[in-house]
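The values are calculated or read from the model by the stated rules, or taken from the named source; none is laboratory data. Worth saying up front: this structure is predicted, and the values here are computed from it rather than measured. Cβ coordinates were reconstructed from backbone atoms using ideal geometry, including for glycine residues, and neighbour counts include every protein chain displayed. With ligands, DNA and RNA removed, areas are computed over all heavy atoms of the protein, side chains included. Shrake-Rupley method; radii C 1.70, N 1.55, O 1.52, S 1.80 Å.
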Amino acid sequence: MRTFILVLKWLSPIPVLVGSLHLLMGLHADVLLGARLPEQVLADPVLDDQNRFYGVSFMAYGVLLYLCATDLRKYAAVFRILICFMFLGGVGRLVSVALHGLPTPPVIGLGVIELFFMPPLLLWHTRVLAGNSHGYG
C-alpha cells in the first residue's frame with residue numbers, strides 16, 4: 001500500500017511540470033520534444049492558445065493523481081478514470097502513427113508509458129485496494 005502511494009506521489013509532479021512547460025513555452029515546448037515547426041506556425045495564435053490550454057489540462061492530471069494518492073479508496077473512481085484516459089491518449093498516439101508516421105523518440109517513449117505502464121498501474125491499484133480495507137496510509 002505505502003509503496004503504491006509513494007509511487008503516485010512521486011509520479012504526480014511529472015504532468016504538472018510538463019504541463020507547466022507547455023503553459024510557459026506554448027508550442028516551443030513541442031519543439032523540445034523534436035517537433036519541426038516553422039516560425040509561422042510557432043506564431044499562430046490559435047495553436048499557441050490550444051497548446052497552453054492543453055498544458056494546463058495536463059497539470060490538472062498531476063494534481064488529481066496526487067489527490068488520489070491521499071485516499072486510494074475514496075478517489076478510486078477518479079484514479080481509474082485518469083488511468084483510462086491516459087491509456088486512451090496512448091491509443092490516440094497510435095492513430096497518429098497510422099496516419100502520419102512515427103514521431104520523435106521522446107514522443108514514442110511517452111506512448112510506450114501510456115500504453116504499457118497504465119494497465120499494470122490500474123491492476124496494481126485494484127490489488128492494493130483488495131488487500132487493504134482503508135485505502136490510505
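Checking Gly26, Gly34 one by one, the residue that is surrounded by fewer than 13 Cβ atoms within 10 Å (Cβ to Cβ) and at positive phi is Gly34 and no other. Residues in the range 94-137 that are at pLDDT 95 or above, over 14 Å from the mean Cα position of the chain (by Cα) and not in a helix (DSSP H, G or I): Gly101, Leu102, Pro103, Thr104. Ser96: among the polar types (S, T, N, Q), under 30 Å from Thr3 (Cβ atoms) and open to solvent by 40 Å² or more (accessible area, probe 1.4 Å), yes or no? It is false that Ser96 is among the polar types (S, T, N, Q), under 30 Å from Thr3 (Cβ atoms) and open to solvent by 40 Å² or more (accessible area, probe 1.4 Å).
Let me confirm something: among Tyr61, Tyr54, which residue is touching a His at 6+ places or on another chain (Cβ under 8 Å) and of a type in the set (Ser, Thr, Tyr)? Show your work before the answer.
On the way: Tyr61 fails: touching a His at 6+ places or on another chain (Cβ under 8 Å).
Unique residue meeting the criteria: Tyr54.
Considered as a group, the residues in the range 83-93 that are in contact with a helix residue (DSSP H, G or I) (Cβ under 6 Å, 6 or more places away or on another chain) and open to solvent by less than 70 Å² (accessible area, probe 1.4 Å) include one that is farthest from Ala29 (Cα to Cα), and that residue is Ile83.
Considering the conditions (1) open to solvent by 70 Å² or more (accessible area, probe 1.4 Å); (2) farther than 28 Å from Ile83 by Cβ, Phe53 is excluded by exactly one of them, (2).
Is one or more of the residues making up the range 101-117 touching a Ser or Thr at 6+ places or on another chain (Cβ under 9 Å), in contact (Cβ under 8 Å) with a residue 40 or more places away in the chain and open to solvent by 80 Å² or more (accessible area, probe 1.4 Å)? Checked against the condition, which is being touching a Ser or Thr at 6+ places or on another chain (Cβ under 9 Å), in contact (Cβ under 8 Å) with a residue 40 or more places away in the chain and open to solvent by 80 Å² or more (accessible area, probe 1.4 Å), the range 101-117 yields no hits at all. For the range 1-23, the set of residues classified as more than 16 Å from Tyr54 (Cβ to Cβ) and either among the hydrophobic types (A, V, I, L, M, F, W, C) or open to solvent by less than 40 Å² (accessible area, probe 1.4 Å) (or both) consists of Met1, Phe4, Ile5, Leu6, Val7, Leu8, Trp10, Leu11, Ser12, listed by residue number. Of Arg73, Arg127, Arg93, all but one fail to be under 27 Å from Leu21 (Cβ atoms) and basic (Lys, Arg); the exception is Arg93. Filtering the range 58-77 to residues that are surrounded by 14 or more Cβ atoms within 10 Å (Cβ to Cβ), over 14 Å from the mean Cα position of the chain (by Cα) and free of Cβ contacts under 8 Å to residues at least 40 places away in the same chain leaves Leu67, Tyr75.
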